[in-house]
Structures are given as C-alpha cells and as structure tokens.
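Heads up: the structure comes next, in structure tokens.
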Amino acid sequence: MRFLTGLQPSGKLHIGNYFGAIQNAIELQNKGEAFYFIANYHAMTTMPGAETLRANTYEMAVDLLACGLDPQKAVFFAQSAVPEVNELAWILSTVCPMGLLERCHSYKDKIAKGFSPNHALFAYPALMAADILLYDSDAVPVGKDQKQHLEVTRDLAGKINDAFGKDLLRMPEAIINETTAIVPGLDGQKMSKSYGNTLPVFGEEKALRKLINKKVVTDATPLEDPKPTENSIILALYKLFATPTQYDEMVEAHNRGGVGYGQFKKDLFEAYWEFFRAAREKREWIMANPGYVDEVLAAGATKAREAAAQVLARVRKAVGLI
C-alpha cells in the first residue's frame, strides 16, 4: 500500500495543521510506503515572493521532520524537485473538461478571499491529480472538505485509462479520517491563519504562554462559581493534549467552581508545552545541524523521481510521445 500526502508551505505550523493532517500522515508511515511532499508549486498560486516561498518551504521541512516524519520510513521531498509532475499535469489537462475545473470549490473560495484569478489557481486540480497519479498512489488521506480533490483525480485517471489503455494510471482511494479532531481557534472559530487565531506548534515559551493567557476567549463567570463546559474553548484545546484522566479532572473543576480561568489557562499551557516537548528537542537538533534538511530532501527527491519516471514513461508511450 502506497500512501501520498502533500502539504502547502503556507507559514508557521499550528496545532490545527498538526491534528488535522500531520499527526495522521506520520502514523501512516508505519503502515506502508509513504510519499510526503511539500507542495511549493501549489503555493506559488497564492504566495508572491521568492524569499517567502523559499523560507516557508525550508521551515515546513524542518517542522515535519521535528514532528516525527522519518526519512528512513518515508520518501520526503519538495514538489518542485520532481519536474515530471508538470508533464503529467499537461497530459491530464488534455482530457480535463473546463466544467470540471469550474466546479471546484477551492478556486471559488480563493477568489472570494481576494486572490488573483490566475490560470495556475484555476488549473490546480490537474496538477494535484498529477501529484497523486505520478507515484502510483493507492491511498491519499484527505479531510472531508478535500474529498472533491480525489474525485477530480479519479475522473482524470479514468479518462486517461479509457482513452489510452486500461489500468494505465492507478486509481487512488481517499482515506477520510472520521475521528480527526476539530481544532478551535483561540477565539472559538475554526483555527485558521486568515482569522489570526492560531496556536503555533513551535515558538518561544514566554510568548506562547502569553498568547494562551491573553487570546483564549472566556466568559465573565466569577472565580467561585461553576464554569460552563459546553462550547468551552479551554476544554476543547486541553482535550487535545491532556490524558483522559487530566481532562476529566478539569471538567470536574469547571463544574465544582472555585477555580479561575487563569488557572485553567495555565494548565492548558503546561499540557500543550509538554505534548510537543520531543518535537521541540528534535527541531533544536535539526537547526543545529545545517545541511541535514537539504540532504533529506535531496535523497527523497531521488527516490521520488525514480518512481515518477516509471509512471511517466508508460504514460508517454501510451499517449504517443516518443
């Protein structure tokens, strides 16, 4: 079983990214062949500036390795290090109906947020399909809101297979994790950089402690009174990091009263800080060893291109490119 996951380098990693995608992806590297790439071609559609893209790509590589991605178990590379993906995307584009692209909600969402309606943003589903199909991926973990991406990929693979040969491209399946934690932002909305309500995975202790203390929204219930547990942002976040026993104890303390939100925020910070302790230590080691990330990505790119070359060679032959 070959798994594939791509992540855009959109800035500092936050806990919504971690619990929404990265934690599950890292677990999959122990269940089969895992191909993980940093989607820097995709990032170009909404991220102007070479220095920003370069820095974000490197930082994402550091963060993923720190969080547990193991280059001995997984093939880890930058999307742009495998140029074959662009040729396959072009071939897929020749069978891709305009209507299929027009129905993709991600393009509409980006335009609604004010991004420039460029061709790359409109045609990204073909590149995304190439990302998946180029490595003979069997399964791709996606959130419920990304299921459409896999449907487009399967549509394009089917059209190529119908036109040029049965089983020419492997038909991938979506892995939708129904138990993925819903991570609220510090203000109670969905955690998102666009809302400015994120809690980073990595950062300086004093600044992060202050962030939780100042930005996690609470009500005005007096210290001595019981605190509401329904829709509690503190409890929702604490549950991600604490043991079941610790979580139950905090719920009990909310119901009992006599404990202020300041203490609950302190407990939240301690659980969060401890949860990512090993990741922080690994990140410190990576940053102290310059060149390690480049070596990992270069080795991953070599393996990825070997796999990609096999798929592209049979597709080129089948479609008549000689």
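The criterion of at least 2 residues that are within 18 Å of the chain's Cα centre (by Cα) is met by the following helices (runs of 4 or more DSSP H) wholly inside segment 75-150: 105-112, 119-133.
Residues to consider are Leu88, Leu100, Leu121; find the one that is buried (at least 21 other Cβ atoms within 10 Å of the Cβ) and not acidic (Asp, Glu). Answer to the check: Leu88. Mind listing just one residue for me: the one in segment 186-202 that is out of contact with any Leu (no Cβ under 8 Å at 6 or more places or on another chain) and not in a helix (DSSP H, G or I) and, of those, surrounded by the fewest Cβ atoms within 10 Å (Cβ to Cβ)? So, considering only residues that are out of contact with any Leu (no Cβ under 8 Å at 6 or more places or on another chain) and not in a helix (DSSP H, G or I), the one surrounded by the fewest Cβ atoms within 10 Å (Cβ to Cβ) is Gly196.
Listed by first and then second residue, the pairs linking a residue in segment 87-116 that is under 27 Å from Ala308 (Cβ atoms) to a residue that is loosely packed, with under 13 Cβ neighbours inside 10 Å, with Cβ atoms under 7 Å apart and 6 or more places separating them unless they lie on different chains, are Val95/Ala163.
Identify all residues within segment 103-118 that are of a type in the set (A, V, I, L, M, F, W, C) and open to solvent by 30 Å² or more (accessible area, probe 1.4 Å); write none if there are none. Ile111, Ala112, Phe115, listed by residue number. Residues of segment 33-63 that are small (Gly, Ala, Ser), surrounded by 13 or more Cβ atoms within 10 Å (Cβ to Cβ) and not in a helix (DSSP H, G or I): Ala34, Ala39. So in segment 152-170, with the set limited to residues that are part of a loop (DSSP other than H, G, I, E, B) and surrounded by 14 or more Cβ atoms within 10 Å (Cβ to Cβ), which one is modelled with the lowest pLDDT? Step by step, filter segment 152-170, then rank; the result is Gly165.
The values are calculated or read from the model by the stated rules, or taken from the named source; none is laboratory data. Bear in mind the structure is a predicted one, so any value in this text is a computation, not a measurement. Heads up, the Cβs are rebuilt from the backbone with ideal geometry, glycines too, and the neighbour counts pull from every protein chain shown. Remember, those area values only see protein heavy atoms, side chains included, never the ligands or the DNA or RNA. Shrake-Rupley method; radii C 1.70, N 1.55, O 1.52, S 1.80 Å.
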